[in-house]
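Written below as structure tokens is the structure these notes are about.
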Amino acid sequence: MRRRRTIPWILMLALIVPLSAAEAKKSKKDQAESEAAEDEPKMSSGTFTGLEFRSIGPALMSGRIADIAVHPKDQSVWYVAVGSGNLWKTTNAGTTWQPIFDDQGAYSIGDVTIDPSNPEIVWVGTGENVGGRHVGYGDGVYRSLDGGASWENMGLESSEHIGNIVIHPKDSNMVYVAAQGPLWSAGGERGLYKTTDGGATWEKILGGGEYTGVNEVHMDPRDANVLYASTHQKARNVAALVNGGPESGVHKSTDGGKTWRELENGLPKEDMGKIGMAISPINPDVVYATIETPQRQIFVYRSTNSGESWEKGADVGYSGTGPHYYQEIFASPHKFDRLYHMNPRISLSEDGGKSWSPLGEKYKHGDSHAMVFDPNDPDYLLVGSDGGLYETWDHAQNWKFVANLPVTQFYKVAVDYDEPFYNLVGGTQDNNTQYGPSRTDNVHGIRNSDWSVTLFGDGHQPAIDPT
């Protein structure tokens, strides 16, 4: 009888031993996983994979536009570069918009340029081309071969701020990039760079010391070997900006950038600041340069012999933010010697810079930075400002605001404790301090009328009493 009773006990022991081993193995695995979890950061990209951003506005006001490029064969296709809001594209002249640069490495854009021989090729220079304290930096130049559907970083990652890009009219592989270089430090990739292989390699063809970059480069429309470029020596910190120096100047090449000489006949002998340039589309022998002097005055110099000698024009006149924030100048393709100078209020000259008058910007936001023309309509202008995009069809007598481009730059944001939906209040760049809801029960969603302005002017740092 006793022998019979020992059999079940032996079977039970046989079952218990492997179970204990399995449990021990599992316990070690759990411990290892637990220790690995402890080693991982508490927050990583995986923490937020289930969350998606949704737009709550505001479109009450838009934001700072750095550059605009319009398709040469389809005037309803625009690419709009935003100083602090990536790149946007419309195929219906602003009726609807698509952000096309969100997945790239920089949100601040200085330049967008369409290849004149193949409009599906688009180049973008990241890093805004102004010298303010509120600007974002970039990580080089990008190229799209499919109209912005996909992008590839083509280098110059340490340029940080791109002035402009010029593409050879018959050779898509030959590209010139004016790199302003880092704003807050010396060095980096600053100067004029050229590629002849579509961005695979770059050669620096013009520059200066560790604080001197190139602000702009321009190509003679009759001869792609003739180039003009402006160098800009500057240094800044939080307290001050030195916006000029002896290495600032205007330069010319007649061999596609292989050699350069500085143009000096008639230009200021004193240190110059930021220099913008334009070539007359009607008579390319006429070249304009808008030059900042040490007295913080702005004069437009005009040459009638391709830069060999220059004549000083009238003081453009400035107020508010300094020349480091503007200096773009545009020559009309419709009327010879008609110039538009970008500043707090657009200045207009009908005589090549000898005299200036306000363009007329009633009900339009100031601080303009970009302008494009309609080749078939001399009264049409499309302008990018700190407040977004504006159109005029009667040469600035009236303006239409493009109200559906939500690219406001917020400095600081706070929330309140309202129910059922809390509100946000934020100080914005040059677009007041704005207050609006996080959600709404309106079937149309959050509207412009749901947002309001609490303080005017540049953005403030708001805070809300929790009780």
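Some notes on this structure:
- Complete set of residues in segment 237-281 that are among the acidic types (Asp, Glu) and either in a strand (DSSP E or B) or crowded, with 22+ Cβ neighbours inside 10 Å (or both): 262
- In segment 148-175, of all residues being out of contact with any Gly (no Cβ under 6 Å at 6 or more places or on another chain) and of a type in the set (D, E, K, R), the one that is surrounded by the fewest Cβ atoms within 10 Å (Cβ to Cβ) corresponds to 170.
- Being modelled with pLDDT of 95 or more, outside any loop (DSSP other than H, G, I, E, B), surrounded by 15 or more Cβ atoms within 10 Å (Cβ to Cβ) and not acidic (Asp, Glu) holds for only one residue in 411, 390, and it is 390.
- Within segment 325-345, considering residues that are farther than 23 Å from residue 219 by Cα and in contact (Cβ under 8 Å) with a residue 40 or more places away in the chain, the one farthest from the chain's Cα centre (by Cα): 343
- Single condition residue 311 does not satisfy, out of (1) open to solvent by 60 Å² or more (accessible area, probe 1.4 Å); (2) in contact with a helix residue (DSSP H, G or I) (Cβ under 8 Å, 6 or more places away or on another chain); (3) not β-branched (Val, Ile, Thr): (2)
- Filtered residue count, segment 114-164, keeping only those that are within 12 Å of the chain's Cα centre (by Cα) and in a strand (DSSP E or B): 7
- All conditions in (1) among the acidic types (Asp, Glu); (2) modelled with pLDDT of 90 or more; (3) open to solvent by 30 Å² or more (accessible area, probe 1.4 Å); (4) within 25 Å of residue 135 (Cα to Cα) hold for residue 367, with the sole exception of (3).
- Among the conditions (1) under 18 Å from residue 385 (Cα atoms); (2) free of Cβ contacts under 8 Å to residues at least 12 places away in the same chain, the only one that residue 85 does not satisfy is (2).
- Answer residue from segment 283-308, given it is touching a residue at least 12 places away in the same chain (Cβ under 8 Å) and more than 27 Å from residue 223 (Cα to Cα) and is most open to solvent (accessible area, probe 1.4 Å) among those: 296
- Those residues of segment 375-385 which are touching a Ser or Thr at 6+ places or on another chain (Cβ under 8 Å) and not β-branched (Val, Ile, Thr), in sequence order: 378, 379, 380, 381, 384, 385
- In segment 430-445, residue nearest to residue 325 (Cα to Cα) [restricted to those that are modelled with pLDDT under 90 and surrounded by 19 or more Cβ atoms within 10 Å (Cβ to Cβ)]: 430
The values are calculated or read from the model by the stated rules, or taken from the named source; none is laboratory data. Remember, predicted model here, so these are calculated numbers, not experimental data. When we count neighbours, we look across all protein chains shown, and the Cβ atoms used for this are built from the backbone with ideal geometry, even at glycine. These accessible areas exclude ligands, DNA and RNA; they are computed on the full protein's heavy atoms, side chains included. Shrake-Rupley method; radii C 1.70, N 1.55, O 1.52, S 1.80 Å.
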